[in-house]
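Chemist: Let me give you the structure first, and then I'll get to my questions.
The values are calculated or read from the model by the stated rules, or taken from the named source; none is laboratory data. These numbers were taken from a predicted model, which means no experiment stands behind them. Note that we place each Cβ from the backbone using ideal geometry, even for glycine, and neighbour counts take in every protein chain shown.
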Amino acid sequence: MSEAKRLAGEKAIDYVEDGMIVGVGTGSTVAYFIEALGRIKHRIQGAVSSSEQSSERLRALGIEVLDLNSTGTLSLYVDGADECDPHKRLIKGGGAALTREKIIAEASRRFVCIVDSAKRVDVLGRFPLPVEVIPMARSLVAREILGMTGGQPVWRQSEDGKGVVTDNGNAILDIHGLSIVDPVALESAINQIPGVVSVGLFARRAADVVIVGGEPPTVL
Ligand code: 5RP
């Protein structure tokens, strides 16, 4: 699949225009986009990054990382996804960067999502839905989501057996066993639970363009 990810990441360069400040997501597909962006870095002003991981990659290539508070609205945001439905609604957050990703998606006029074909589904939910939570609310949010959806919340652990800590200092719950027939409604309902920072459903603000990596890439 990494070849498909590379093809999707490189195709997204078509959407970059001279002088742009580009919003940049997180993950292995985005890593290919960043690599390609490095080759045309003289054409852009800089990037707004959704994670420490992507910031490091951008800086290593000599691309300036700018603060969203000083850039205002962005013309373009490029990011991957864990699942994508036919309406370009997404599950994101497999890389634990969902909150900053959501902020940049909201701040951008055009959201180009880059995926390989394995990410395409008819109904979202096979991929466990990530929810970023304030640490003290972890169990409360888990109980509320279990009651609300019947899905099974699992506290995400890192390889060393400790709870994953996001770039914002929070925890992640992954909700297993969902079949999300109304993603907009579920996104709002989960957002209402005190202690939820953000939910990895991108339904209210879905992608505008989806590029599925292949030879040639498919643009939806
Ligand atoms: C990170 C994300 C990523 O976009 C998502 O997990 C896809 O990652 P990859 O491109 O590595 O498959 O939402 O929070």
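Every residue, every condition in (1) within 18 Å of residue 217 (Cβ to Cβ); (2) more than 10 Å from the ligand (Cβ to nearest atom); (3) in the same structural domain as residue 75 (by TED's automatic domain parsing); (4) among the aromatic types (Phe, Trp, Tyr), yes or no:
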| site | (1), (2), (3), (4) |
| --- | --- |
| 13 | yes, yes, yes, no |
| 16 | yes, yes, yes, no |
| 21 | no, yes, yes, no |
| 25 | yes, no, yes, no |
| 32 | yes, no, yes, yes |
| 36 | yes, yes, yes, no |
| 43 | no, yes, yes, no |
| 50 | no, no, yes, no |
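Chemist: Quick check: is even one residue across segment 116-134 hydroxyl-bearing (Ser, Thr, Tyr), within 17 Å of the chain's Cα centre (by Cα) and over 18 Å from residue 51 (Cβ atoms)? Full working, then the answer.
Modeler: Taking segment 116-134 as the starting set, the residues that turn out to be hydroxyl-bearing (Ser, Thr, Tyr) are 117.
Adding the requirement that they be within 17 Å of the chain's Cα centre (by Cα) leaves 117.
Those still in the list that are over 18 Å from residue 51 (Cβ atoms) too: 117.
Yes, segment 116-134 has at least one match.
Chemist: Every residue in segment 100-120 that is in a loop (DSSP other than H, G, I, E, B) and either crowded, with 24+ Cβ neighbours inside 10 Å or touching a Phe, Trp or Tyr at 6+ places or on another chain (Cβ under 8 Å) (or both), please. Can you show your working first?
Modeler: Of the residues in segment 100-120, the ones in a loop (DSSP other than H, G, I, E, B) are 107, 116.
Result: 107, single match.
Chemist: Would you pick out the residues in segment 200-218 that are within 16 Å of residue 25 (Cα to Cα) and assigned to a loop (DSSP other than H, G, I, E, B)?
Modeler: Selection gives 200, 205, 206, 207, 208.
Chemist: So in segment 73-99, with the set limited to residues that are of a type in the set (Asp, Glu) and near the ligand (Cβ under 6 Å from one of its atoms), which one is farthest from residue 47 (Cα to Cα)? If you could, list the steps in order and put the result at the bottom.
Modeler: Taking segment 73-99 first, the residues of a type in the set (Asp, Glu) are 79, 82-83, 85.
Still in the running and near the ligand (Cβ under 6 Å from one of its atoms): 79, 82.
Details: 79: 13, 82: 23 Å.
In this case the residue turns out to be 82.
Chemist: Look at residue 63 and say whether it is more than 16 Å from the ligand (Cβ to nearest atom) and in contact (Cβ under 8 Å) with a residue 12 or more places away in the chain. Before the answer, list the steps.
Modeler: Values: more than 16 Å from the ligand (Cβ to nearest atom): yes; in contact (Cβ under 8 Å) with a residue 12 or more places away in the chain: yes.
Considered against the rule, which asks whether it is more than 16 Å from the ligand (Cβ to nearest atom) and in contact (Cβ under 8 Å) with a residue 12 or more places away in the chain, residue 63 comes out as yes.
Chemist: Would you pick out the residues in segment 108-139 that are within 15 Å of residue 189 (Cα to Cα) and hydrophobic (A, V, I, L, M, F, W, C)?
Modeler: 129, 131, 133
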